[in-house]
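As structure tokens, the structure follows; a few thoughts come after it.
The values are calculated or read from the model by the stated rules, or taken from the named source; none is laboratory data. This is a predicted model, so every value here is computed, not measured. We place every Cβ from the backbone using ideal geometry, glycine too, and count neighbours over all the protein chains shown. Side chains included, ligands, DNA and RNA excluded: accessible areas come from the protein's heavy atoms. Shrake-Rupley method; radii C 1.70, N 1.55, O 1.52, S 1.80 Å.
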Amino acid sequence: MAEPRVATQRWKVGSATITSVVEDQIDLPPGLLFPEADEETVRRHPWLVPDWAGADGTISMRVQAFVVETDGVTVLVDPCVGNGKVRWLPVWNDLDLPFLERLADAGYVPADVELVVHTHVHADHVGWDTRRDGDAWVPTFTGARHLYTEAELEFARTSGMPGEDVYGDSIAPIVDAGLADIVAPDADLGHGLRLESTPGHTPGHTSLWIESGGERALITGDFMHHPFQFAEPQVAEIADSDADVARSTRTRMLRRMAESGALVLGTHFPNRPAGRVVANGDRWRFVPE
Ligand SMILES: [Zn+2]
Ligand SMILES: [Zn+2]
């Protein structure tokens, strides 16, 4: 498989820039993420090698945030797991990773962030919103409005894995600081930014469209987890809260992505997370940029 890349990757869409800031990337057997698939299913699609899968059928998954700079605003999308959080998943528990240093390498400090968009509120999408200060969790991006859909806040309050409190350590401090805004799942955010409702992985899941100078990009969030799902869109991801709704969202969005010609940025796609979606018979394929 390709060596994991943590150096800054940046794309242009019209006059907007989109930058990947990597928290971590791991190799794993596909069955851990997609219980209906295995190494053999992955090997059926050789175009996945080497950027997204190994020749042996293992896959990689990246946790990354995207910084969007457009029309005078700086937006952070899905700020990863965070450091020092108690998490049920061992690979996310009590992390000590240089995410903020990588953000700085990409040219940003937390005070630059004006808007934090969450495609959904799973633990790996809200973590850096807070950092530990003594015994308390305090906001990291103190000058930013943090956007949530009502359905996601409700989901965060009422679900979660044993022993962890994502709402308590990563969302409540934002609400308490008056930095949270509730938005509709299809909200127009101005500046050429628009949410689209993409439910199924979680009830209030959204994706972010970016439009600038006649060009378009889409940040997926978790309606897709890996380019493998372009080839096998019916395969559910282990955390999909409603696999049937997730499947119909994926099919609808695959057509949209291919027809629009948009630059697609996969939130968990490893190594080369941005590209175009092209039809491939009755399936799809991902062409990196
Ligand atoms: Zn998720
Ligand atoms: Zn995720």
Which of (1) open to solvent by less than 50 Å² (accessible area, probe 1.4 Å); (2) out of contact with any Gly (no Cβ under 9 Å at 6 or more places or on another chain); (3) charged (D, E, K, R); (4) away from ligand 2 (no atom under 15 Å from the Cβ) does E164 not meet, given it meets every other one?
(4)
Exception for D56 within (1) open to solvent by 60 Å² or more (accessible area, probe 1.4 Å); (2) touching a strand residue (DSSP E or B) at 6+ places or on another chain (Cβ under 7 Å); (3) part of a loop (DSSP other than H, G, I, E, B) falls at (2)
Name the residues in the range 240-288 that are farther than 18 Å from G204 by Cβ, outside any strand (DSSP E or B) and either basic (K, R) or within 18 Å of the chain's Cα centre (by Cα) (or both), would you?
L254, R255, R256, M257, A262, G266, H268, F269, P270, N271, R272, P273
Give, as residue ranges, the helices (runs of 4 or more DSSP H) completely inside the range 68-185 that count at least 3 residues that are farther than 21 Å from D242 by Cα.
99-105, 172-176
List the pairs whose first member sits in the range 49-63 and is away from ligand 2 (no atom under 16 Å from the Cβ), whose second member is of a type in the set (D, E), and whose Cβ atoms are under 6 Å apart, counting only residues at least 6 apart or on separate chains?
G57/E39; T58/D27
Tally, over the range 82-111, of residues that are in contact with a Phe, Trp or Tyr (Cβ under 8 Å, 6 or more places away or on another chain) and within 16 Å of ligand 2 (Cβ to nearest atom)
3
Residues that are more than 13 Å from ligand 2 (Cβ to nearest atom) and small (G, A, S), drawn from the range 112-155:
G134, A136, G143, A144, A151
Taking the range 88-106 only, how many residues are open to solvent by 10 Å² or more (accessible area, probe 1.4 Å) and closer than 25 Å to T149 by Cβ?
3
What do you reckon, is A151 under 21 Å from M224 (Cα atoms), open to solvent by 10 Å² or more (accessible area, probe 1.4 Å) and of a type in the set (A, V, I, L, M)?
yes
Enumeration of residues in the range 215-235 that are farther than 12 Å from W52 by Cβ and touching a Lys or Arg at 6+ places or on another chain (Cβ under 7 Å)
F223, P233, Q234
Subset of the range 202-223 (residues that are in a strand (DSSP E or B) and either within 16 Å of ligand 1 (Cβ to nearest atom) or more than 22 Å from P270 (Cα to Cα) (or both))
T206, S207, L208, E211, S212, E215, I219
State the number of residues belonging to the range 223-237 that are under 16 Å from the mean Cα position of the chain (by Cα) and either modelled with pLDDT under 95 or open to solvent by 10 Å² or more (accessible area, probe 1.4 Å) (or both).
1
Could you check the range 199-222 and list, in sequence order, the residues that are touching a Leu at 6+ places or on another chain (Cβ under 9 Å) and surrounded by 21 or more Cβ atoms within 10 Å (Cβ to Cβ)?
G204, T206, S207, L208, I210, A217, L218, I219, T220, G221
Which residue is farthest from the chain's Cα centre (by Cα), if the candidates are limited to the range 114-125 and must be buried (at least 24 other Cβ atoms within 10 Å of the Cβ) and more than 10 Å from ligand 1 (Cβ to nearest atom)?
V116
I need the full set of residues from the range 195-241 which are free of Cβ contacts under 8 Å to residues at least 60 places away in the same chain, charged (D, E, K, R) and within 16 Å of ligand 2 (Cβ to nearest atom), in order please.
D240
So V109 fits all but one of (1) more than 27 Å from G204 (Cα to Cα); (2) open to solvent by less than 40 Å² (accessible area, probe 1.4 Å); (3) over 18 Å from the mean Cα position of the chain (by Cα); what number is the exception?
(2)
